[in-house]
Amino acid sequence: MKTKILGILRQEGGGEFISGQELCKCLGVSRTAVWKAINQLKDAGYQIEAVQNKGYRLLSVPDILSKSEIESRLQAKWVGRPIYYYDEVDSTNNEAKRMAEKSPGAGGHGAVIVAEAQNAGRGRRGRGWESPKGDGIFFTVLLKPDMDPANAPMLTLVMALAAAKGIGKSTGLPAAIKWPNDIVVNGKKAVGILTEMSAQVDYVNHIVIGAGINVHQGSFPEKLASKATSLDMELGRQEPVLRAALLASVLEEFERYYEAFMERQDLASLMAEYNSLLVNCGRQVRVLDPLGEFEGKALGINERGALLVGREGGTVEVSSGEVSVRGIYGYV
Ligand code: ATP
C-alpha cells in the first residue's frame, strides 16, 4: 500500500494535494488505513503535508532504498518485480544465490536484492568491495534465463552498459565503461560489477549480477583513493543523488538492454553503444593476463564481449575471465 500511495502522491507532481477520500477510492481501503500508512511514511522520513479539506501532498523524499521507494519509481516490466530490501547482508549476490537455492517460491526471474550495507562485498577473483552503510547502492539482479551457460559472461557487459547509461541519464555525469566490468567517472572507478552463475554443462540454474555504485562517499581508504570515486564527489556541490531514483533508472536500462541481448544471446545489437562508452577505446592499454602481460591499442569489443587489442602482428581477442586492463599511465 505504501508503494501505491507514493506512486499516487508522485503522480500529482509532488506539489498538488490529493484528498484522503480519493486515496481511499484508488486503494480500496479505509481512511484509517490510509492515515496509518501515511504515518509510517512520515516515520521513514517522508515530509507529507496534511491539510483539512484539501488532503495530502508530498513535500520531500528521504534518500532511502526501501522496497516501496524503489518500486514506486520503477517503470520496468519484470526487473525489480519484486524488490527485496535488507539493512545489511554479507553480499547481495550471496543473498540472491541463497534465495534462488533455498526458496523455490521466492526470488523469481528478475527479482532484485538491495542492501543499505554489505559486510563482505566482493569483487572479481575473491577481492573485496568496500560497501559502507548509507553511501552506496548495493544490488543484485537474479536471473533464471533459458540460456547457454557459455553466454553468461556477456551479461556483465549488459549491466555495465545499463549502469553507465542510468548514471548518465539521472546525474548528467560522463559515466564511461572500463572493460569489462567497471564504470569510471572522470578516470576513477565509481561502480563494480560481479556476475556469478550456477549451471550444469548445458543448463543455467540461475545467474546473479551484482553491482556496487559509489554514491555518497566523501573519501576512500588510502589504498583506493587514487582510483575510486563517488557520484557526489564528481558532482561537487550540487544536489546529492537520490539513490532510489538512480537505481530505478539503472534497472530500467538493464531490462531494455537485456531484452535486446536475449534476441540473439550476443552483444551484436549493443556493441556500438558499448564501444561509444568504452573509456579504453582507441587508447594504449596493458592487458594483465595471468598467462603473460602485454600492451596494445584497445579497439572495442566484438559481439561476444571480448576486447579487441591491436598489436604488432595482428589483433588479439581478450576474454574477460581472468584478465584486467589498465591504461599505460594509470588506472584507465
Ligand atoms: P581492476 O579494477 O583492478 O581493474 P576489477 O575490475 O577486476 O579490477 P573488481 O574485482 O571489479 O576489480 O573490484 C575489486 C577491486 O576494486 C578491489 O580489489 C579494489 O581495488 C577496488 N575496490 C573495492 N571497493 C571499491 C569501491 N567501493 N570503489 C571503487 N573501487 C573499489
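Every read-out reported here was derived from the displayed coordinates using simple, explicitly stated rules and does not represent laboratory data. Since this is a predicted model, take the numbers as computed values, not measurements. Cβ atoms come from the backbone with ideal geometry, glycine included; neighbour counts cover every protein chain shown.
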Angle in degrees between helix 243-264 and the longest Cα principal axis of the chain, rounded to the nearest 10: 50
Antiparallel bridge percentage (DSSP; both residues within the chain; nearest 5): 85
Relative contact order for the chain, counting Cα pairs under 8 Å that sit 6 or more residues apart, in percent: 14
Under 5 Å, built H, 5+ apart or other chain: amide partners of His206: Ser198
Separation between Cα centres of region 306-321 and region 40-88, rounded to whole Å: 47
Sequence ranges 302-309, 93-100, ranked by mean other-Cβ count within 10 angstrom, highest first: 93-100, 302-309
Computed label-point distance, nm, for sites Lys227 and Asn205 using a 7 Å Cα→Cβ extension: 3.2
Using alpha-carbon coordinates, inclination of helix 31-43 to the longest axis of the chain, degrees: 50
Peptides 252-259, 118-125 ordered by average Cβ neighbours within 10 Å, highest first: 252-259, 118-125
With Cα atoms, 0 to 90° folded angle of helix 2-11 axis to the chain main axis: 90
